[in-house]
Amino acid sequence: MNRAIQSHSPVPELAPSQLWSEKVYVGGWGPSGAGTIEVTEKATGKIIGTIGRASAEDVARAASMARDAQPAWAALPSPERGDILRTVSRLIQEHSAEICVQLVRETGAIAPKAHVEVELAAREVLEAAALATQPPGLLLASATATRRSIARRIPMGIVGAIVPWNSPFLLALRALGPALATGNAVLLKPDPQSPICGGVFFAQLFEAAKLPRGLLHVLPGGAETGEALVRDPLVKMISFTGSSRTGRQVGATAGGLLKRVSLELGGSNPYIVLDDANVEAAAGAGSFGSFFHQGQICMSVGCHIVHEGIVAGYTDNLVRRAQALRVGDPSRGEVHLGPLINERQAANVERIIRESVAQGARLLTGGNRRGLFFEPTVLDHVRPGMPVFNEEIFGPVAPIVSFRTDEEAIELGNGTEYGLSAAVVSPNLARAQRIADRLHSGMVHINDQTLIHEVYGPIGGIGASGNGYKYSSVTNADLFTEWQWLTIQSEVPRYPF
Ligand code: NAD
C-alpha cells in the first residue's frame, strides 16, 4: 500500500527545525509574542520541535508590513507574479520527499495520502499561476459615446487564511496561491497541530521563489491567533477552512466587521447505492470513501445509504474490507490507516459510536482503539437522529442505512444540516441524475464516492458546510478579487447646473 518515501531528499532541506524553532514568520523568522507550540509526531507523540505562537501584536505587525508591500505587488506585471508561483510549484516537486515525510509525521497520514496531497498542491499552485495572466477585466457597453467603460478585477488587499490540520499543505496552498496570484498579500494561520506542513514550508518555498518580502506571513496559533486575524482592521478578507462550529464564530465576527468571509466547513456526506449497482465496486468505493485518511476528510463518505434489495451483500462486503485493513504507525510499516489526530477526536468518535449503539445501531466490526489507532468500524441499523447519522464523525466509521424507494433515498441524503459532497451509484444514469438533481449539496458525483478533489472543480459546500464560495480554477478569481467599475472620458462633460 505505501509507496516508498525517501527520508533524505537529494536537495537541501527546505525547513530545518533550527530555522523556525520558537519563532514566527513576520517578514522573516523572528521571536513570537505568545510563547511556543510543541510540534508532535501523531503516531508516537514524540516532539519534533517547538515553534512560536503568534500574538495579536504579531498579527498586527504582519498586517502592517503586508499593507506596505501589497500595492507594489498588485502593480507588478501580472506574468511576473505567475512566474513566482510556477517556481513554487517546481520547488514543491523538488522537495516533495521532505514534505511527504513531514505530512506523515505531523498529520498521521499514510504515505500515499501525503503523495496525493503534495501532487494536488503542486497542481493548485500552477493553476493559480495561470490565474495571474487571465484577462483582468471587461470592456463594457456605455450609454455615452465618449465614455470608455471598464469592469476590472482588483485585489482584496490583505487576505487572512485560516487552515485546519487534516490536509494542511493542500488547504493552505489552495487559498495562498490564488490570493497571491491576484495581487493580494496573505497572513496565513496554520493549525497548531500542523504548523510546519501548513505554514513553515510556505515561508521557505515562497522565499526561495523570491516572493518580495512582506507579502506572506506565517502566524501559527490556535483560536486566539485566529480571532486576532479575523478582527485585524487591515485584513479585508478571511478564507476559513475548518469545522462548522468554528466557522459560525468566524463568520459572525467577520460579518459584523463587514469583511468578505469564505467558509469551507464540515460535512456528513451521503453515499447512495441503488439496487442495480455492482455491489463489489460500490462497496470498494464506499470503503475508500469512509476509511481513507482515517475518515478525517471533510468529503469522506458519511453515511452509506443502500437499497434494501442489496444491503445484505453490500454490508458483508464492506465488513470484509474493513477487517482486511491494517492500522498502525505509517512511518514504520505498510498500513492503510494511521492514527487519529488527537485524543479529543478519538474520544469523540467513541462517543458517537457508543451513543448510536445505545439508540439501536448494530456494531458489525471495529469500534475499538489502541490510543489514537482506531479500528475501521461498520455499523448497520442506523437511523436519522443517531449521532452517527447526524454528526460529522471524522473517524474511520461507516454507518449503513437502508432505503426502499428513490424518494426515501433523497430524503435520507438530505437528512443532515450539512451539504458538502454527495454521491449516487447506479448504471442507470438517468435515474441517478434524477436523484442527484434533488440533493442539497455543493458537490454531487455519479458513480463514484464523495471524496474527490480536483482544482478544476468548484470545491465547497452549502448549509452547515459553508457559505457557497468555492475554491477552483473557475471560481478563484471571483473569490479573491473585487469588481471595480472604471470609466474614462478625455474631457469633463458639460452638465446643466
Ligand atoms: P477547527 O474549526 O477546530 O479549526 C480550523 C482552524 O480554525 C484552525 O486553524 C484553528 O486553529 C482555527 N480556529 C479555531 N478557533 C478559532 C477561532 N475562534 N477563530 C479563528 N480561528 C479559529 O477545525 P479542525 O478540527 O482543525 O478541522 C477539521 C474540520 O475542518 C472538519 O470539520 C472538516 O470537515 C473541516 N474541513 C473542511 C474542508 C472544506 O473544504 N469544506 C476541508 C478540510 C476540513
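What follows draws every value from the coordinates through simple rules; no lab data is involved. Since the structure is predicted, the reported quantities are computational estimates derived from the model, not experimental observations. All Cβ positions, glycine included, derive from the backbone under ideal geometry; neighbour counts span all protein chains shown.
Annotations for the structure displayed:
- Rounded if a/c under 1.5, otherwise prolate or oblate - the stretch 360-410, Cα gyration tensor axes: prolate
- Dipole axis of the chain (+1 Lys, Arg; -1 Asp, Glu on Cβ), positive-most option in ALA62, PRO396, VAL104: ALA62
- Alpha-carbon spread of the stretch 369-497, three principal axes, descending order, Å: 77, 43, 28
- Secondary-structure-derived ellipticity at 222 nm for the chain, considering helices only, amounts to -11500 deg cm²/dmol, per-run term -39500 (n - 2.57) for DSSP H runs with n ≥ 4.
- If you sort the three axes of the alpha carbon gyration tensor as a ≥ b ≥ c, you get a/c of 1.5 or more for the chain and a/b no higher than b/c, which makes it oblate.
- Considering only alpha-carbon pairs that sit under 8 angstrom and 6 or more positions apart, the relative contact order computed for the stretch 315-369 is 27 percent.
- With N the number of residues in the stretch 282-415, Rg(Cα) / (2.2 N^0.38 Å) evaluates to 1.00.
- Protection proxy ranking of 323-330, 188-195, 54-61 - average other beta-carbon atoms within 10 Å, highest first: 188-195, 54-61, 323-330
- For the peptides 308-314, 71-77, 447-453, residues were scored by their other Cβ atoms within 10 Å and the scores averaged per peptide; the highest-first order is 447-453, 308-314, 71-77.
- Under 12 Å, Cβ to Cβ, from GLY413 - net charge with Lys/Arg +1 and Asp/Glu -1: -4
- Here the contact order of the chain, divided by its residue count and restricted to Cα pairs under 8 Å and six or more residues apart, works out to 16 percent.
- Euclidean distance of C-alpha centroids, the stretch 277-307 and the stretch 120-174, integer Å: 34 Å
- Length, then width, then depth: along the principal axes, the Cα atoms of the stretch 73-212 run 64, 25, 25 Å.
- Cα-based helix-to-principal-axis angle, 279-291 vs the chain, degrees rounded to 10: 60 degrees
- Members of LYS23/LYS210; LYS259/LYS470; LYS189/LYS470; LYS46/LYS113; LYS210/LYS470 lying beyond 23 Å, as alpha-carbon distances in this model show: LYS210/LYS470
- Over all other residues within a Cβ to Cβ distance under 13 Å of SER244, the charged ones net out to -2, with Lys and Arg as +1 and Asp and Glu as -1.
- Peptide packing: for 107-116, 149-158, the average count of neighbouring Cβ atoms within 10 Å per residue gives the ranking 107-116, 149-158, highest mean first.
- Cα-based shape type of the stretch 18-150, given that a ≥ b ≥ c are square roots of the gyration tensor eigenvalues and the cut on a/c is 1.5: oblate
- Crossing angle, helix 311-324 versus the chain [Cα axis fit, 0-90 degrees, rounded to tens]: 70 degrees
- Reachable aspartates and glutamates from LYS42, criterion Cα separation under 19 angstrom, eight or more residues apart if same chain: GLU98, GLU106, GLU117, ASP191, ASP329, GLU334, GLU343, GLU350, GLU375
- Once the Cα atoms are used to define both axes, helix 56-75 deviates from the longest principal axis of the chain by about 60 degrees.
- Its residue count N fixes a reference of 2.2 N^0.38 Å for the stretch 133-234, and the Cα radius of gyration divided by that reference is 1.36.
- Neighbours of GLY214, meaning other residues whose beta-carbon lies under 10 angstrom from its beta-carbon, give a summed charge of +1 when Lys and Arg score +1 and Asp and Glu score -1.
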